[in-house]
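Reviewing the structure listed below.
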Amino acid sequence: MTALFETRELKIEARPHGKPPIPIVKGVSFEVQPGQVVALIGESGSGKTTISLASLGYTKPGLYFSGGEALLNGKDMIALGPEDRRSMRGQNVAYLAQSAAATFNPALKIGEQVTESAVIHGFMRQGDATKRAEELYHALELPAPDRIGYRYPHQVSGGQLQRLMAAMALVSKPNLLVLDEPTTALDVTTQIEVLKAFKKVIREEGSAAIYVTHDLAVVAQIADHIVVLYGGEVMEQGSAEQIISHPGHSYTRRLMAAVRPAPTAGLGEATEGEHRRDVPALEVKDVTAGYGLNPDGTPMVTVLRDINVSIERGHVVGVIGESGCGKSTLARVMAGLLPAAEGEVILDGTELEAKLEDRKRDELRRVQFVFQMADTALNPKQYIGDIVGRPLEFYHGLKGRKKRERVAEILQMVELPTVFANRFPGELSGGQKQRINLARALAANPEVLLCDEVTSALDTIVGANVIKLLTNLRKETGVSFVFISHDLSTVASFADDIVVLYAGRVVEQGPTDEVLTPPFHPYTRLLITSVPELRVGWLEATMETREAAAGIARAVEMTAIGCPFYNRCPVAIDGTCDKVMPPIRVPSSGHEIACHRTLDELVEDQNKPQQVLHGYETVHPDEEDEKHK
C-alpha cells in the first residue's frame, strides 16, 4: 500500500547568526498509511511538533530543512513552491494545535471560524461548508449541533472547543490530520470524551492522523503505530501493541515508568508532622463566592457554596474536579484575588480581610500563588534574576549583593544552575520556566503555596520531577500546599488530603488513602475510573461502563437545589437527589461524603462488577427506585 505521508531521512537545523548550524531533527524516517493513526511520542524537546509540521512543509522561525523528504500524496512538501504548498494544505493536510482557546477568535461566532478555511481556499461554498460543519458537530457528539455554530467560543466548554477545532480541520475533508497534544490540558472525563470523538471521526471519515503527545496512556487508546523520539532521533517504532507490551529501547521503558499509576490508596508519602502546629496553616469556613454583584451584595453567578477546607502546616491538600467545578475560584478566594461573598479565610488562626488590597504586606507574603502557565506568568523582557529578586526586595528589603546571593540560593533550591539568573524566560524549557515560577513564589518565604494546575502542561517526566521537587521543599521548609489539579493520579501521589469539588460544592474530602478507598462518592468514582490506563483497548472498555454512560458526556451544571451531580449520577434517587441537599456521611474520622445513598449502599454498589451498558440506562442498589435515565 502506498503511504499517505512519509518522511525519508528528514533533517532540520537551527542556524544561529555567526555560529555553526545546530541539528534539531537528525534523519527521521516513518510513514503513515491511509486510515492509520501514527503517534509521535517523547518528552519536551524531542522534536515531535517540529517533525509533524514537516507534513505541511513548515518549520518554526529560526529552523530550516537541511535534508531528506516529507512526502504527502507522493509530493515533497519541502521542495514545493509557496503556491503549490499552500494549495496542498487544507484539503490534503490540516493541523490541530494544542490550545483551542488560542486558536479561536473570541469576537467571531464559531460557525464562521469552522467554515472559514474551506470557503477562503475555494473548496466549498458557504452553504455547503455550513452543512458539512453541522454533520461534523453531530459526528463529534457536540450538544445542539444545529445551533452551536451560532455561539461564541466563550459560550462552550474547553472539551467542546477542542472538538470544534477538530471540526474546523475536518471541514475540507483532509487526507491527513496533525493532532498536536489535543488533550493535554483537559480533565480526565473530557479527555475520554474528546479521544472517543477523534477516534470515531478518523475512522468514519477515512482520514489518517499524526498524533503528537508525551502521554503513553493516551497513545495506547488511539494509535495504530508509535514512533518514539528523543533529541530529534527515532529510538524505536512499531505497532502500538508491540511498543506498549514489549518495548525494546531503554528510553521507551523510561517513558513507560513515568506514566502515572492509577489512583489508589498508598501511593503517597506519609507526612512526619514535624511542622504541625495547634492551628491549621490556612482554613476556609462556610465560604460562598462568585462573580458579579447583585444590589443586595450577593454574587450574580455563584461558583462556590458553603466550602469548608483546612490545610495543616507542612501538608498538601489536593483539590480535584473537572473544568468549571470551582477549583481556581477557591484558590483566588484564598489569595484574596476574589473576595468571598460569605465566610472566612483564616491564616494561622487569624482571619484575613476578604480583599487583597485590604491585607497587610506580611499576610500577602505568607500566601503565594503559583500560576498554571509559566509562559504568561513570567515577564519575557526581564532577567530571571530580576523576576526572582523582586519579591526579595518587596517583602524582605534585600538589595545588591545580598539579593543576588539569595537569588542564587533559591535557584539551587529549585534545582537550577545559578547562571540562569542572567537568562531570559524565552531561553528556558517549559519545565525550567515552571521552576522559575515556583522560585519566585518561594522567594517570599511563604507559609502556604497555592499551586494551580502547575504540571498540567508538562510532559510526564518533567511533571514527575516538579512533583519530586515540591515534595522535597515541603520536607525542608514546612510550607503547606493547596495543589489544584484535574489529574487524580498526580494528586494521589503527592497529597495528604483530597478535596473533591463538583459544581462549586465539596462532594467528598478526607485523607488521601481514605478518599481512594471505597466507599466513594459517585463523582469520585467517575474520576478514578476515567484515568487512562497503559493498555490497548482501555478506552472502548471504559466507554461501555455504567459510570461512563451516565456521566462522561454531560457538562458540569451549577445548581442551588439538591445534589449538583444528580443529572450525571448512575445511582441517583429521583425526587430526592434533585430536590434535597445531600446529607454528610462519615465513613471514618476526617472523611466526609455528601450523598443521599447510605454508606452500605455505596459499598454494595461499588463492589458490583463493572456493568456494560448500551445508552444511559442504569440500575440502582434499591430495585424499587425508578431508573435514572
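If you filter segment 452-544 for trypsin sites (Lys or Arg not before Pro), then keep DSSP loop positions with at most 14 other Cβ within 10 Å, what is left?
Qualifying residues, ordered by number: R535.
If the viscosity is 1.567 mPa s and the temperature 4 °C, what Stokes-Einstein diffusion coefficient in µm²/s follows for segment 1-65 when Rh is the Kirkwood radius over Cα pairs?
Translational D for this selection: 100 µm²/s.
Which number do you get for Rg(Cα) / (2.2 N^0.38 Å) in segment 282-515?
Ratio of Cα Rg to 2.2 N^0.38 Å: 1.01.
Just tell me which lysines come within less than 16 Å, Cα to Cα, of K11; anything on the same chain fewer than 8 places away is out.
Output for K11: K26, K48, K60.
Relative contact order, percent, of the chain when contacts are C-alpha pairs under 8 Å separated by at least 6 residues?
Value for the chain: 13 percent.
Could you work out the equivalent-ellipsoid semi-axes for the chain, taking the square root of 5 times each eigenvalue of the Cα gyration tensor, largest first, in whole Å?
They are 40, 33, 23 Å, listed from largest to smallest.
In straight Cα distance, which lysines are under 16 Å from K200, not counting same-chain residues fewer than 8 positions off?
List returned: K173.
In whole Hz, what ³J(HN,Hα) sequence does segment 281-293 give by Karplus (6.51, -1.76, 1.60; θ = phi - 60°), x for Gly and Pro?
5, 8, 8, 10, 10, 6, 7, 10, 8, x, 10, x, 10
Using a Förster distance of 30 Å, how high is the FRET efficiency between R390 and L108, based on the Cβ-Cβ distance and rounded to 0.05?
0.20
Stokes-Einstein D for segment 522-606 at 25 °C, 0.890 mPa s, Kirkwood Rh over Cα pairs, in µm²/s?
Using the Kirkwood radius from Cα pairs, D works out to 174 µm²/s.
Quick one: of the DSSP bridges fully inside the chain, what percent are antiparallel, nearest 5?
Antiparallel bridges: around 60 percent, rounded to the nearest 5.
Under a 5 Å amide H to amide H cut-off, with H placed in plane at 1.01 Å, what residues pair with D215 once short-range neighbours are removed?
Under 5 Å from the amide H of D215 lies no amide H from a residue far enough along the sequence or on another chain.
If you find the alpha carbon centre of segment 311-342 and of segment 486-518, how far apart are they in angstrom?
The distance from the Cα centre of segment 311-342 to that of segment 486-518 comes to 13 Å.
Amide H to amide H under 5 Å from S323: which residues, 5+ apart in sequence or cross-chain, H placed 1.01 Å off N in plane?
Sorted by chain and number, the residues that satisfy this are D187.
Any idea what diffusion coefficient segment 283-375 gets from Stokes-Einstein, in µm²/s, Kirkwood Rh on alpha carbon pairs, 25 °C, 0.890 mPa s?
176 µm²/s
Can you list residues from other chains, or at least 5 along the same chain, whose modelled amide H is less than 5 Å from the amide H of H591?
Residues meeting the amide H criterion: none.
Using the 2.2 N^0.38 Å rule of thumb for compact globular proteins, work out how segment 5-257 stacks up: its C-alpha Rg over that value, please.
Taking the Cα Rg and dividing by 2.2 N^0.38 Å, one obtains 1.01.
Rounded to the nearest 0.05, what FRET efficiency do E204 and R254 have when you use their Cβ-Cβ distance and R0 = 60 Å?
0.95
Sort out for me the Cα centre separation of segment 80-117 from segment 381-400, rounded to whole Å.
42 Å
What list of ³J(HN,Hα) couplings, whole Hz, do you get for segment 560-570 from phi and the Karplus terms 6.51, -1.76, 1.60, once you set θ to phi - 60° and write x for glycine and proline?
For segment 560-570, the Karplus curve yields 9, 10, x, 8, x, 8, 3, 6, 10, 8, x Hz.
Residue by residue through segment 17-22, what is 3J(HN,Hα) from phi via Karplus (6.51 cos²θ - 1.76 cosθ + 1.60, θ = phi - 60°)? Round to whole Hz and write x for glycine and proline.
Once θ is set to phi - 60°, the couplings for segment 17-22 become 5, x, 10, x, x, 10 Hz.
Quick one: which of 482-490, 574-582, 365-373 comes out on top by average Cβ neighbours within 10 Å, and what's the full order, highest first?
482-490, 365-373, 574-582
Each reported figure results from applying straightforward, stated rules to the coordinates on display, with no laboratory input. Being a predicted model, the structure only gives us computed values, none of them experimental. When we count neighbours, we look across all protein chains shown, and the Cβ atoms used for this are built from the backbone with ideal geometry, even at glycine.
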